[in-house]
Amino acid sequence: MLSQAEIKFLKSLSVKKYRKQHRQYLIEGFRLVKECLSANYPVEKLWMSEEFQDSAHGAGIIEELTSRHISWEVTSGRSLGKITDTLHTQGIAALLPLTLLTAEPMTRGNLLILDSISDPGNLGTLLRTAEWFGLETVVLSGNSVDPFSPKVVRSAMGAHFYLSIYEKNLIEFLSGAEGRTYQLIGGVMKGDPLEALQLNPESDWALVLGNEAHGLDPALEELMTMKVTIPRKGHVESLNLAAAGAILLNHLTTKN
């Protein structure tokens, strides 16, 4: 059973300050926990309600926990409702280590780079999309929404368990020696048509997307190797950022 001290601590992880301080975050719900276990992502603690434990989903989760020698605790649905962020608890939650990378060496391979993303749903969907298209690394500016906030984690649907997520000063990174090894492709409103994009197959690329309302920072835009635009065929002024990111990633991974 969750103690009052545990409830207070776990509730605090809904705030970015405490997630960063403790280097931990909470996930909730059957799908996220199942994906976490499937990815062999480390689990520090796990709780489930009696109702969940006795359900078909619960039996499957318990089988996986047992095979991996991960212990769990049974608590009340009411207690779980106090620590989770959604209106109706699904009866299961897990405490995970938070791995937001900063100074560690970057891995090679294509990148998604995101500047000043403000909407949690957009960021979560972009993380999910990046993982879908086989990317392993996403780089964020420090002023983007926290990638480990509950809304981002829910929107990403398990992408966190497969991605290396970095937080960097993008100007320094992209203008430095490491950044210059990439073909920097900026998604902009007024660039070359996407169909005209020519990639060098000998070099990795990085897709760089900017803020939902303001686009790429002008200083970042100057660093781009190529600037591309998704041609508009209808009348609306712009695409949702996550939708645009999906179209661009599909095109880039198909060409690559």
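Read-outs: derived from the displayed coordinates by stated rules, not from any lab. Worth saying up front: this structure is predicted, and the values here are computed from it rather than measured. So basically every Cβ, Gly included, is an ideal-geometry build from the backbone, and we count neighbours across all protein chains shown.
Any idea what diffusion coefficient the stretch 132-234 gets from Stokes-Einstein, in µm²/s, Kirkwood Rh on alpha carbon pairs, 37 °C, 0.692 mPa s? Walk me through the numbers before you get to the answer.
Details: Rh = 15.1 Å.
This corresponds to a translational diffusion coefficient of 217 µm²/s.
By how many nm would the segment from residue 54 to residue 20 grow when fully extended, if each residue of separation counts as 0.36 nm and the alpha-carbon distance is taken off?
Stretched out fully, the residue 54 to residue 20 stretch lengthens by 8.8 nm.
Contact order normalised by length for the stretch 101-255, with contacts defined as Cα pairs under 8 Å and 6 or more residues apart; what percent is it?
On the way: 268 pairs, mean separation 43.0, N = 155.
Result for the stretch 101-255 is 28 percent.
With Rg and Dmax of the Cα atoms in Å defined as stated, name the option among (1) 19.0, 62; (2) 21.2, 84; (3) 20.1, 60 computed from the structure displayed.
Read-out taken from this structure: (3).
With a Förster radius of 22 Å, plug the Cβ-Cβ distance of residue 62 and residue 31 into 1/(1 + (r/R0)^6) and report the FRET value to the nearest 0.05.
Once rounded, the FRET efficiency stands at 0.85.
So, in Å, what gap is there between the alpha-carbon centers of the stretch 102-125 and the stretch 222-256?
Answer, in whole Å: 16.
I want to make sure I understand the PRE zone here: with the label point 7 angstrom from the Cα of residue 254 toward its beta carbon, which residues in the stretch 118-134 have backbone N atoms less than 15 Å away?
133
Label residue 73 and residue 11 with points 7 Å out from Cα along Cα→Cβ: what is the distance between them in nm?
Roughly 1.6 nm, to one decimal.
Please list, in chain and number order, the residues 5+ apart from residue 192 or on another chain whose amide H is under 5 Å from its amide H, with Hs placed from the backbone.
Distant-sequence amide H within range of residue 192: 227, 228, 229.
Quick one: what Rg and Dmax do you get for the stretch 4-98 from the alpha carbons, in Å?
12.6, 37
Please tell me which of these pairs span more than 21 angstrom C-alpha to C-alpha: 45/82; 20/151; 151/233; 20/45; 16/168?
Numbers: 45/82 16 Å; 20/151 16 Å; 151/233 32 Å; 20/45 18 Å; 16/168 17 Å.
With Cα atoms farther than 21 Å apart: 151/233.
Enumerate the amide H contacts of residue 98 below 5 Å, restricted to partners 5 or more residues apart or on another chain; note that Pro and chain-start residues carry no placed amide H.
HN-HN under 5 Å from residue 98: 24, 25.
Using each residue's phi in the stretch 30-45, evaluate 6.51 cos²θ - 1.76 cosθ + 1.60 at θ = phi - 60° and report the 3J(HN,Hα) Karplus result to the nearest Hz, with x for Gly and Pro.
Listing the rounded values in order: 4, 5, 5, 5, 4, 5, 4, 5, 4, 7, 6, 6, x, 10, 8, 8 Hz.
Per DSSP H run of at least 4 residues, take -39500 (n - 2.57); add these up for the chain, divide by its residues and hand me the 222 nm value, nearest 500 deg cm²/dmol.
Rounded to the nearest 500, the figure is -10000 deg cm²/dmol.
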